[in-house]
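Asker: This is the structure, below, for whatever I ask next.
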Amino acid sequence: MVVSKELLYDKNGEVYGEPSDVEYDLIVKDGNIIMIEITSAIKRGDLPVIKKKKEFYEKNRNVKISRVIVITPFIHDKYPDKLKAMGKDME
């Protein structure tokens with residue numbers, strides 16, 4: 001198993017809409033590739049960005065991420081159950 005923190009440069013602004021570094025908190029490679037996003041809080045608007053980060057990584061590393069895990073102690077959203085459902089639908 002290999003666990004790494006990675007940083008890719010998005011020169012075309014695919015993830016954030018402008019050229020920027022894209023930080024990956026943890027990438028776990030153990031037969032499958034798992035992307036782990038660690039954040040202090042999450043809201044619904046964060047999910048599309050996480051999806052773009054996943055797609056950007058797959059495209060640039062020419063791999064398929066089998067699972068995305070978000071670790072957070074706080075859901076900052078009026079409808080936390082809706083956020084959880086949206087996250088499950090992204091799988």
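The values are calculated or read from the model by the stated rules, or taken from the named source; none is laboratory data. Predicted, not measured: the structure shown is a model, and the values here were computed from it. Note: ideal-geometry Cβ built from the backbone for every residue, glycine included; neighbour counts use all protein chains shown. Protein only, heavy atoms only, side chains kept; ligands, DNA and RNA dropped before computing areas. Shrake-Rupley method; radii C 1.70, N 1.55, O 1.52, S 1.80 Å.
Asker: Among the numbered criteria (1) open to solvent by less than 90 Å² (accessible area, probe 1.4 Å); (2) at pLDDT 95 or above; (3) not in a strand (DSSP E or B), which single criterion is violated by Lys59?
Answerer: Among (1) open to solvent by less than 90 Å² (accessible area, probe 1.4 Å); (2) at pLDDT 95 or above; (3) not in a strand (DSSP E or B), Lys59 violates only (1).
Asker: In the range 11-22, what residues are assigned to a strand (DSSP E or B) and either in contact with a helix residue (DSSP H, G or I) (Cβ under 9 Å, 6 or more places away or on another chain) or buried (at least 16 other Cβ atoms within 10 Å of the Cβ) (or both)?
Answerer: First, pick out the residues of the range 11-22 that are assigned to a strand (DSSP E or B): 20-22.
The answer is Val22, and nothing else.
Asker: What single numbered condition from (1) open to solvent by 90 Å² or more (accessible area, probe 1.4 Å); (2) in contact with a Pro (Cβ under 7 Å, 6 or more places away or on another chain); (3) of a type in the set (Asp, Glu) fails to hold for Asp30?
Answerer: For Asp30, the exception is condition (2).
Asker: Show the residue pairs that are 6+ apart or on different chains and have beta-carbon atoms under 7 Å apart, the first residue being within the range 36-63 and of a type in the set (S, T, N, Q), the second being open to solvent by 30 Å² or more (accessible area, probe 1.4 Å) and in a strand (DSSP E or B).
Answerer: These pairs meet every condition: Thr39/Val70.
Asker: Go through the range 34-48 and report how many residues are within 18 Å of Lys5 (Cβ to Cβ) and open to solvent by 30 Å² or more (accessible area, probe 1.4 Å).
Answerer: Total meeting the criteria: 4.
Asker: Picking from Glu14, Glu6, Glu23, which residue would you name as being touching a Lys or Arg at 6+ places or on another chain (Cβ under 7 Å) and under 12 Å from Phe56 (Cβ atoms)? I'd like the intermediate steps shown before the answer.
Answerer: Values: Glu6 fails: touching a Lys or Arg at 6+ places or on another chain (Cβ under 7 Å); Glu23 fails: touching a Lys or Arg at 6+ places or on another chain (Cβ under 7 Å).
That would be Glu14, the only listed residue that is touching a Lys or Arg at 6+ places or on another chain (Cβ under 7 Å) and under 12 Å from Phe56 (Cβ atoms).
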